[in-house]
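Chemist: This is the structure, below, for whatever I ask next.
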């Protein structure tokens, strides 16, 4: 500090630092404020409708009788099937790309395409799902068709997240495994995957929480609006929470707008639980090197 | 060790469960001796949706083993599915078009029309607007026709204030838009396009409510729910001003903006006992349920007549 070279413009530099910090603070404050306004607004309208009855009743034209049972069950079916389809496919693709594929123009082309697919608007996946799963494969307007469509939608993100997790596994681990005579498959199965799994799971759960909020592709493939029974098989017709919310906000009666707010709270809670699960998984299983 | 188990579960059990669930599903429940069962699938207009939704709800309370589904894909979208044989019943806020009849015929699907209710398209104004309480069809046509240059209220009638007109209306995919343009402008889908369009009628309600010089139109149910915040414009079709109300819509004096709502059924589908029972339930309960969801029922005798017209059971 005694060196004169440190002193010039010190006040100005410190001020610039303070300004930058303030800008960052405003950014985070803005995001949180928007979320807080949403939560306060939704809670004011919706909280009084939340009850066990609201969760366990089917939708109704009479607000006091209406509930979201079919929407919740539909969303759960949807998530389970979407995870079941996208997880093995996504992780399999990531393992191939990271561990097996040679580095050449073809894999680079694949890689670019996957990154681009992650940016395709969700409605496009809806049109694709309608043509392929609903019509061509003949799944009809079933939970399975919806789940397959959403699985396609989140697949690029699952692949990329899994690849990043696999990349983060130190090479020394693989080399050590080969060194004691393990095969490539054994190395992946017993060394690489267990280490990468927390990251893979976090990425998968986060993309599933995107899928649970999707409406457009499901409306496109013909998810239904009024359903007063629970799906009992993947071939059953279904509705999901976002569609129920959308339907209620479009109704003329103000009570339904409040019911929609109630359903939004439920959806937010589900999202929060999923994101919390992602954090818990990451903290519990993550190893540091 | 946890992680290994986790891997096994995620990679082996999840897809297996999927396959197992897939194989178990898809069994259509056929007729049950004790009562009705099976599926009734309905799709189509969002305007008719509330009526069919109410019917589906009550019908399933009476017949818990029948699964009734109601979708919203618009009148046109509904007919596409109906003509492809994917649905039993199609909701429609306008009669079926010749091109759609053709499409149905190509797939061997016959469409039988059943009117189920009346709706009155309502022209609404901001309550602060105390001048335009009644407009003639011609004035509305001049305001809404394509290329209309009317920007201020005094361009419609000279004694109206020199205030800007702000227009709100449904988007062009809506059956309400089709009907309004046909009835007012005289040609389907012919409308000026410099208005705020929304598929969500609640957006139109809020828009007209917040803007003093505004005018818009949508279904009667939305006006009835917001009549404390909006004013209706009575329509003069040459026989004096008639305001939209349940009576004037039912007796047809609210012209030309009273319009019928339909369901279309496949006569073949009536062979399924649950579909027949549902259609009969629909007509038997329309008088009670239609007003509850904001529409105007047909005369009770009309429903009885329609019931009698259903093709006999096979």
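Chemist: Mind jotting down the three principal axis lengths of the protein assembly as shown based on Cα atoms? Whole angstrom, largest first.
Modeler: Over the protein assembly as shown, Cα extents along the principal axes are 95, 82, 49 Å.
Chemist: Same structure again: How much length would be gained if the chain were fully extended between residue A:5 and residue A:183, taking 0.36 nm per residue of separation minus their Cα-Cα distance, in nm to one decimal?
Modeler: Values: separation 178, 0.36 × 178 = 64.08 nm, distance 5.92 nm.
Gain in length upon complete extension: 58.2 nm.
Chemist: Measuring from centroid to centroid over Cα atoms, what is the spacing of the stretch B:167-212 and the stretch B:60-112 in Å?
Modeler: The stretch B:167-212 and the stretch B:60-112 have Cα centres spaced 25 Å from each other.
Chemist: Once a ≥ b ≥ c are taken as the square roots of the eigenvalues of the Cα gyration tensor of the stretch B:85-199, is the result rounded (a/c under 1.5), prolate (a/b larger than b/c) or oblate (a/b not larger than b/c)?
Modeler: Cα axes put the stretch B:85-199 in the prolate bin.
Chemist: Further question: Tell me the angle of helix B:14-24 to the major Cα principal axis of chain B, expressed in degrees between 0 and 90 and rounded to the nearest ten.
Modeler: Helix B:14-24 sits roughly 90 degrees off the main axis of chain B.
Chemist: Here's a follow-up. As I understand it, the value is the acute angle between the Cα axis of helix B:49-62 and the longest principal axis of the Cα atoms of chain B; what does it come to in degrees, rounded to 10?
Modeler: 40
Chemist: Then there is this: Relative to the compact globular guide of 2.2 N^0.38 Å, what is the alpha carbon radius of gyration of the stretch A:171-289, as a ratio? Write down the numbers at each step before the final one.
Modeler: Numbers: Rg = 21.4 Å, N = 119, 2.2 N^0.38 = 13.5 Å.
Cα-based Rg divided by the globular estimate yields 1.59.
Chemist: I need the semi-axes of the equivalent ellipsoid of the stretch B:258-314: take the C-alpha gyration tensor, multiply each eigenvalue by 5, square-root it, list largest first in whole angstrom.
Modeler: Gyration-tensor ellipsoid for the stretch B:258-314: 22, 11, 11 Å.
Chemist: Could you state the principal axis extents of the C-alpha atoms in the stretch A:54-285, from the largest down, to the nearest angstrom?
Modeler: Here the Cα extents, ordered largest to smallest, are 69, 39, 29 Å.
Chemist: Take peptides B:206-212, A:22-28 and line them up by average Cβ neighbours within 10 Å, highest first, as a rough protection proxy.
Modeler: For the peptides B:206-212, A:22-28, the packing ranking is B:206-212, A:22-28.
Chemist: Take every residue in peptide B:167-174, count the Cβ atoms of other chains within 10 Å of its Cβ, and give the average of those counts.
Modeler: Partner Cβ neighbours, averaged per residue: 0.
Chemist: So what is the 222 nm mean residue ellipticity for chain A from helices alone, if each DSSP H run of at least 4 adds -39500 (n - 2.57) and you divide by all residues, rounding to the nearest 500 deg cm²/dmol?
Modeler: -22500 deg cm²/dmol
Chemist: List residues of the stretch A:139-175, by number, whose backbone nitrogen lies under 18 Å from a label position 7 Å along Cα→C-beta of residue A:103.
Modeler: A:163-175, by backbone N distance to the label point.
Chemist: Sticking with this structure for a sec: Averaged across the residues of B:47-54, what count of C-beta atoms belonging to other chains lies within 10 Å of each residue's C-beta?
Modeler: 3
Chemist: Using 7 Å Cα-to-Cβ label points, what is the residue A:96/residue A:25 separation (nm, one decimal)?
Modeler: Placing both labels 7 Å beyond Cα along the Cβ direction yields 5.1 nm.
Chemist: Looking only at other chains, what is the average number of their beta-carbon atoms within 10 angstrom of each beta-carbon in A:80-93?
Modeler: Values: counts 4, 5, 0, 3, 9, 3, 0, 4, 6, 1, 0, 3, 1, 0.
For peptide A:80-93, the averaged partner shielding equals 3.
Chemist: Given R₀ = 56 Å, FRET efficiency for residue A:164-residue B:149 by Cβ-Cβ distance, to 0.05? Walk me through the numbers on the way to the answer.
Modeler: Values: r = 59 Å, r/R0 = 1.05.
Here the calculated transfer efficiency is 0.40.
Chemist: Ranked highest first by average number of other Cβ atoms within 10 Å, how do B:269-282, A:234-247 line up?
Modeler: A:234-247, B:269-282
Chemist: Let me ask another. Using alpha carbons only, what's the Rg to Rh ratio of the stretch A:4-49 with Rh from Kirkwood?
Modeler: A ratio of 1.47.
Chemist: How long are the semi-axes of the equivalent ellipsoid of the stretch A:83-166, taking √(5λ) for every eigenvalue λ of the Cα gyration tensor, in whole Å from largest down?
Modeler: Calculated on Cα positions only, the semi-axes equal 26, 13, 11 Å.
Chemist: So how do A:78, B:112 line up by other beta-carbon neighbours within 10 Å, fewest first?
Modeler: B:112, A:78
Chemist: Top mean-square fluctuation among B:68, B:203, B:48, Gaussian network model of chain B, C-alpha springs under 10 Å?
Modeler: Among B:68, B:203, B:48, the largest mean-square fluctuation in the Gaussian network model of chain B belongs to B:203.
Chemist: What's the FRET efficiency of residue A:123 with residue B:200 using the Cβ-Cβ distance as r and R₀ = 22 Å, to the nearest 0.05?
Modeler: Working from the Cβ atoms, E equals 0.80.
Chemist: Okay, next question. Subtracting the Cα-Cα distance from 0.36 nm times the residue separation, let me have the gained length for residue A:136 to residue A:206 in nm, one decimal. Don't jump to the answer; show the numbers that get you there.
Modeler: Values: separation 70, 0.36 × 70 = 25.20 nm, distance 3.01 nm.
Stretched fully, the residue A:136-residue A:206 segment lengthens by 22.2 nm.
Chemist: For the stretch A:83-147 and the stretch A:219-255, what is the separation of their Cα centres, given in Å?
Modeler: Centre-to-centre (Cα) distance: 25 Å.
Chemist: Just rank A:98, B:304, fewest to most, by other beta-carbon atoms within 10 angstrom.
Modeler: Ordered by Cβ neighbours within 10 Å, fewest first: B:304, A:98.
Chemist: Which of A:137, B:180, A:256, A:20 comes first, and how do the rest follow, when ranked by fewest Cβ neighbours within 10 Å?
Modeler: On the way: A:137 13, B:180 25, A:256 20, A:20 10.
By the 10 Å Cβ count, ascending: A:20, A:137, A:256, B:180.
Chemist: What fraction, in whole percent, of alpha-carbon pairs in the stretch B:122-256 exceed 27 Å separation?
Modeler: Numbers: 824 of 9045 pairs.
The share of Cα pairs beyond 27 Å in the stretch B:122-256 comes to 9 percent.
Chemist: Sticking with this structure for a sec: In percent, how large is the relative contact order of the stretch A:102-242, given Cα pairs closer than 8 Å and 6 or more residues apart?
Modeler: Contact order relative to length: 35 percent.
Chemist: Next up: What FRET efficiency comes out for the pair residue B:237/residue B:159, r = Cβ-Cβ distance, R0 = 22 Å, nearest 0.05? Write out the running numbers ahead of the final one.
Modeler: Values: r = 22 Å, r/R0 = 0.99.
Efficiency computed from Cβ-Cβ geometry: 0.50.
Chemist: With each run of n ≥ 4 DSSP H residues scored as -39500 (n - 2.57), what mean residue ellipticity at 222 nm is computed for chain B after dividing by its residue count and rounding to the nearest 500 deg cm²/dmol? Walk me through the intermediate numbers first.
Modeler: On the way: 12 runs with 115 residues, N = 314.
Theoretical 222 nm ellipticity from helices: -10500 deg cm²/dmol.
Chemist: Let me ask something else about it. Work the Kirkwood hydrodynamic radius out for the stretch A:1-126: mean of 1/r over every pair of different alpha-carbon atoms, inverted, in Å.
Modeler: In the stretch A:1-126 this quantity evaluates to 21.6 Å.
Chemist: Starting from 0 in steps of 5 Å, tell me what percent of the Cα-Cα pairs of the stretch A:94-142 lands in each bin.
Modeler: Once binned at 5 Å, the Cα pair distances of the stretch A:94-142 give 5, 18, 17, 14, 13, 16, 13, 4, 1.
Chemist: State log₁₀ I(q)/I(0) for chain B at q = 0.08, 0.10 Å⁻¹ as given by the Debye formula over alpha-carbon point scatterers of equal weight, solvent excluded.
Modeler: Results for chain B at q = 0.08, 0.10 Å⁻¹ read -0.46, -0.65.
Where a number appears in this text, it was derived from the coordinates with a stated rule and is not lab data. Note that this is a predicted model, so its numbers are computed, not measured. Note: ideal-geometry Cβ built from the backbone for every residue, glycine included; neighbour counts use all protein chains shown.
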